[in-house]
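The values are calculated or read from the model by the stated rules, or taken from the named source; none is laboratory data. Note that this is a predicted model, so its numbers are computed, not measured. Every residue, glycine as well, gets a Cβ built from its backbone with ideal geometry; the counts of neighbours run over all protein chains shown.
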Amino acid sequence: MKYERIRNFINGNFKPVSSARTLIITSPTDGTPLAEMPCSSAADLDEAVKAAKAAFPAWSKTPIKERVQVFFRYKYLLEKNLQELAELVSEENGKTIGEAIAEVEKCIELTEFATSLPQLITGEVLEVSKGVECRTSHVPLGIVAAIVPFNFPAMVPNWTIPNAIALGNCMIIKPSEKVPLSLTIIARLLKEAGLPNGVFNIVNGDSEIVNAICDHPDIEAVSFVGSTKVAKIVYRRATQNLKRCLALGGAKNHLLVLPDARPDMTAANVAASMSGCAGQRCMAASAMIGVGAVDHIVEKICAEAKKIIPGQNLGAVISKESKERIERYITEAESAGAKILVDGRGITVTGKENGTYVGPTVIDYVTPDMAIAKEEVFGPVISILRTNTLDEALIIENASPYGNAASVFTENGGLARYVADNASAGMIGVNVGVPVPREPFSFGGWNESKFGVGDITGKSSIEFWTKLKKSTTKWNPEAGVNWMS
Ligand code: NAD
């Protein structure tokens, strides 16, 4: 194995996992076995929760302006160790090094936001009647948990770590069992930044640990990011156990392309959105709906797709099973009558024969009833559907059970506004292929792309990671009149 056996991070130290059940972590880029990951048991989780509980009284009572000093240092350490972390992200996830660098840069931006929390969480105070004052303050919840997916081994954990911890909570994170290595660097940097022992803990494992987190009586809140199928399991189980839960699920994002869209810009954006991170982004464009005469744009999309070369500017998909699943969707669409304009099936990269690559794929004349039009493909594939009217396009977009993102490409402001107002999605793009809101705005979809109230990043996350205390104070406003000691 290239790296040593993975350990949990509990109470500020890397600790061996007790269980004998292990998984092998393999690099998707060339099949190199990277590390053995033992699956923790409920007892390992309990040890982490005990450490977090012990750390909570002091950490939660530390003033927030002091707590965020850790994150100023962590931000600096992310910058200093950017290359090392990005290389590991790329190695274990399969994305290109450029994409991994962008991912770590996003971690830095997320941390920068957390350092501004003291400016954002000031409470309210008002004299509500003579001598009576009401005031609010945000109070940390206690022990909170984060369960994360494989597609952003560093960024998705950093959606939660800086905010949840800066707001005074102690945290347990369960990495994706497909990419557990990057979080070991993150733990090291948090410790180096001066985070007290026990405030941040990692418990490696699979669904067994997810269930144990949802059931643990001392965990107050659970955040989840992953597929809709598992988001539903986690949301149901955590809330059944009376925990606060925010569970982000999968996506099927539509790009509505109108004939007046700028062809070069639109084609470049569509191609980048469907193929970035090998299409393994919950914000990836997966279906394009061409409204009216857009052949000239489709031609340019194909030209752009052909510039995307597996193993060069296109990374691998996470596993052999993923590659097979994606190729199966393409083949089924072809059999159902869709036209494959650019075909990414059957790709092998010379020198990386054991890598799991799918080439960029453009499929035209996909119809709404095809599985590829409805389901999340999570690969570098764009399905093109055709309609005559914008309303027909919106009917297709809004029939999806998901609601993460939707974009429109047009030069007509009124039509763009119409789509923005009528698309049932939490994040809207106008001439933007990947409409991720940047800090301080919050990230989060609608419908079956998110269960729970509020969003996971930005200002909205304050409500999730804290509870509001309302204090009413009454003093005699005349107490000082003629007062003598
Ligand atoms: P996944 O749902 O398979 O796994 C996510 C987490 O759930 C992992 O930590 C895994 O160990 C755990 N898990 C898996 N099966 C489980 C089960 N049966 N019971 C309990 N826990 C279980 O997701 P993934 O394949 O790692 O990630 C890809 C998915 O995540 C895609 O659907 C993608 O759209 C989604 N995603 C969504 C967002 C968003 O913001 N909405 C962001 C990133 C990824």
| Any idea which of Ile161, Ile219, Ile147 is in contact with a strand residue (DSSP E or B) (Cβ under 9 Å, 6 or more places away or on another chain), of a type in the set (Val, Ile, Thr) and within 11 Å of the ligand (Cβ to nearest atom)? | Ile147
| task | Within segment 112-119, identify whether any single residue is modelled with pLDDT of 95 or more, hydroxyl-bearing (Ser, Thr, Tyr) and in a helix (DSSP H, G or I), and answer yes or no. | result | yes
| task | Any chance you could count how many residues in segment 170-209 are under 17 Å from the mean Cα position of the chain (by Cα) and near the ligand (Cβ under 8 Å from one of its atoms)? | result | 5
| said: Anything in segment 110-131 that is loosely packed, with under 15 Cβ neighbours inside 10 Å and of a type in the set (Asp, Glu)? List them, or say none. | reply: Glu124, Glu127
| said: Cβ-Cβ under 6 Å, sequence separation 6+ or interchain: first residue in segment 422-451 and in contact (Cβ under 8 Å) with a residue 60 or more places away in the chain and among the charged types (D, E, K, R), partner part of a strand (DSSP E or B) and within 15 Å of the ligand (Cβ to nearest atom). Which pairs? | reply: Lys450/Leu248
| message | Checking the conditions here, which among Gly414, Gly429, Gly454, Gly433 is in a helix (DSSP H, G or I) and small (Gly, Ala, Ser)? | response | Gly414
| In segment 328-353, residue nearest to Ala272 (Cα to Cα) [restricted to those that are touching a residue at least 40 places away in the same chain (Cβ under 8 Å) and surrounded by 15 or more Cβ atoms within 10 Å (Cβ to Cβ)] | Val342
| task | Restrict the check to segment 76-90 and report whether at least one residue is free of Cβ contacts under 8 Å to residues at least 60 places away in the same chain, buried (at least 16 other Cβ atoms within 10 Å of the Cβ) and under 27 Å from Ile143 (Cβ atoms). | result | no
| message | If I ask for residues that are out of contact with any helix residue (DSSP H, G or I) (no Cβ under 8 Å at 6 or more places or on another chain), over 30 Å from Asn388 (Cβ atoms) and of a type in the set (A, V, I, L, M, F, W, C), which ones from segment 294-321 would you list? | response | Ile309
| note | Taking segment 242-283 and the residues there that are within 23 Å of Tyr418 (Cα to Cα) and near the ligand (Cβ under 10 Å from one of its atoms), the one that is surrounded by the most Cβ atoms within 10 Å (Cβ to Cβ) would be Asn253
| Taking segment 277-323, which residues are among the hydrophobic types (A, V, I, L, M, F, W, C), within 17 Å of Phe378 (Cα to Cα) and not in a loop (DSSP other than H, G, I, E, B)? | Cys277, Ala278, Ala285, Ala287, Met288, Ala305, Leu314
| request: Go through segment 338-378 and give me each residue that's within 16 Å of the ligand (Cβ to nearest atom) and either part of a loop (DSSP other than H, G, I, E, B) or not small (Gly, Ala, Ser) (or both). | output: Thr356, Val358, Ile372, Lys374, Glu375, Glu376, Val377, Phe378
